[in-house]
Amino acid sequence: MPLLELEDVDHAYGTAYVLRRVTLALTPGVFTAVVGPNGAGKTTLLRLAGGWLVPTAGSVRLDGESLAAVSRRGAARRIAAVPSEEAAVFPFTVRDTVLLGRHPWRGVFRAPDAQDAAAIEDALRRTGLLELAERPVPALSSGERQRVAIARCLAQRADVCLLDEPTAHLDLGQRQRMLALFRQEARVRGCSVLAVLHDLNLAAAFADRIVLLVRGEIVADGSPAQVLTAEGLSAAFETPVQVVPHPSHGGPLVLPAAEISA
């Protein structure tokens, strides 16, 4: 049974539809990447999956129950997120910010217990933030703040992780390390990961499944090799690309075409 399921979902902002007839089931232990051109509806899809938007039509279900009927606290215990941009940066320390990921389990006013402390320490260690734990978040670089958001998500220990461009602001090494963390979360802890990624090669390297979204519709859904084809990507992004085998993992490697006319 899927952990989270969108069925025949439409969504419109006013009269402008950004998603049409989207059906997507997220199962335990699978890292799914959503890719597609700008304006395809990727972030809207994530917001619908998290219950932060209500679909214009169709349904979103968590363990078979309408997500709209699940309490906010109940949903927060099951669904964690890394937004593409934080709405505001408060002068909390890194540790206190990561602690926010434990609020669905402990409430706002109850002191952290041993389980909370263990989850926080583990998240700080895995994201390389232990040495920065007592530093105010506004004093960090944008890449460090992104890792704080990732640590908060990991500390939540939810069944579903929704990631909106989680590699934004990260350097090459940190991009790979952070996506490896979420792949490990899926494989070891059995959670379901749904990540919007713009880097197709990172998606190919870390995702088990890729969904290609174009103009609000899913046009391909399958393994990286099935979805990341030269023909499909060239049509979706309206630019010629090449796809060759990666020299290391053997999966698809997406490259720009040799010549692109102005």
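Selection of the stretch 34-72 for residues being on the phi < 0 side of the Ramachandran plot and surrounded by fewer than 13 Cβ atoms within 10 Å (Cβ to Cβ) yields Asn38, Val54, Glu65, Ser66, Ala69, Ser71, Arg72. The listed residues are Asp164, Asp116, Asp171, and the only one of them that is out of contact with any Phe, Trp or Tyr (no Cβ under 8 Å at 6 or more places or on another chain), of a type in the set (Asp, Glu) and under 26 Å from Trp52 (Cβ atoms) turns out to be Asp164. Output the residue which, of all residues in the stretch 18-29 that are crowded, with 20+ Cβ neighbours inside 10 Å and under 15 Å from the mean Cα position of the chain (by Cα), is farthest from Gly216 (Cα to Cα). My answer is Leu26. Of the residues making up the stretch 226-250, just one is in contact (Cβ under 8 Å) with a residue 24 or more places away in the chain, under 24 Å from Leu46 (Cβ atoms) and surrounded by fewer than 16 Cβ atoms within 10 Å (Cβ to Cβ), namely Glu238.
Within the stretch 132-142, the set of residues being modelled with pLDDT under 95 and in a helix (DSSP H, G or I) comprises Val137, Pro138, Ala139, Ser142.
Could you list, in sequence order, all residues of the stretch 184-217 that are small (Gly, Ala, Ser) and over 17 Å from Val243 (Cβ atoms)? Selection gives Ala186, Gly190, Ser192, Ala195, Gly216.
The values are calculated or read from the model by the stated rules, or taken from the named source; none is laboratory data. These figures come from a predicted structure and were not determined experimentally. Backbone-built Cβ (ideal geometry, glycine too); neighbour counts: all protein chains shown.
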